[in-house]
Amino acid sequence: MPFVRCVYSGDSGVKDDITVALSSAAAAALGKPEAVMMVQVVHDESLFFAGSKEPCAMVQIQSIGGNFEPLIAPLSEILISVGGILPSRIFMNFQEFTSDNWSTHGVTVKKFHEHPHSS
């Protein structure tokens, strides 16, 4: 279950559009079904970068395994085109987990995949 969290400033009216677009693009880039994607988009006008309140964004991606490099361009493009944020004001970081460091259905993902009907 990849998790994408985006905090951005700028136009609050595009929050839902950013959410839907990030979910779809992240699933495609990670090669995972969108059914397992979790996305949180937070609009926060207090986000401040480089001494300026100009629109900016911080995106954090967590996933079990995966190559994060393919995420950078499509997620950035969404924030540029939908959010109106300059590329120089978009930052991302990535965190990879193993399947025994993530839980669902009351067990680790590793155990869930080993015995999907017992949970």
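Observations on the structure shown:
- In region 17-34 there is no residue that is part of a strand (DSSP E or B) and not hydrophobic (A, V, I, L, M, F, W, C).
- Residues within region 16-27 that are open to solvent by 80 Å² or more (accessible area, probe 1.4 Å) and without any contact (Cβ under 8 Å) to a residue 60 or more places away in the chain, tallied: 2
- Failed condition for ALA50, given (1) modelled with pLDDT of 95 or more; (2) on the phi < 0 side of the Ramachandran plot: (2)
- In region 54-82, the qualifying residues are those that are assigned to a helix (DSSP H, G or I) and of a type outside the set (A, V, I, L, M), and the one that is most open to solvent (accessible area, probe 1.4 Å) is GLU69.
- Here region 83-119 is the region considered, the condition is being in a strand (DSSP E or B) and of a type in the set (Val, Ile, Thr), and the residue that is farthest from the chain's Cα centre (by Cα) is VAL107.
- Scanning region 83-98 for residues that are modelled with pLDDT of 95 or more and surrounded by 15 or more Cβ atoms within 10 Å (Cβ to Cβ) yields GLY83, ILE85, ARG89, ILE90, MET92, PHE94.
- Single residue of region 28-46 satisfying the filter (modelled with pLDDT of 95 or more and surrounded by 18 or more Cβ atoms within 10 Å (Cβ to Cβ)) that is nearest to GLY65 (Cα to Cα): VAL39
- Look at region 1-13: where a residue is over 17 Å from MET38 (Cα atoms) and in contact (Cβ under 8 Å) with a residue 24 or more places away in the chain and a partner is of a type in the set (Gly, Ala, Ser) and loosely packed, with under 15 Cβ neighbours inside 10 Å, sitting 6+ places away or on another chain with Cβ atoms under 8 Å, you get SER9/SER46; GLY10/GLY84; ASP11/GLY84.
The values are calculated or read from the model by the stated rules, or taken from the named source; none is laboratory data. This structure is a prediction, so every number in the text was calculated from the model and none was measured. Here Cβ is always computed from backbone atoms with ideal geometry, including for glycine, and neighbour counts include all displayed protein chains. Please note that ligands, DNA and RNA were not included when accessible areas were found on the heavy atoms of the full protein model with its side chains. Shrake-Rupley method; radii C 1.70, N 1.55, O 1.52, S 1.80 Å.
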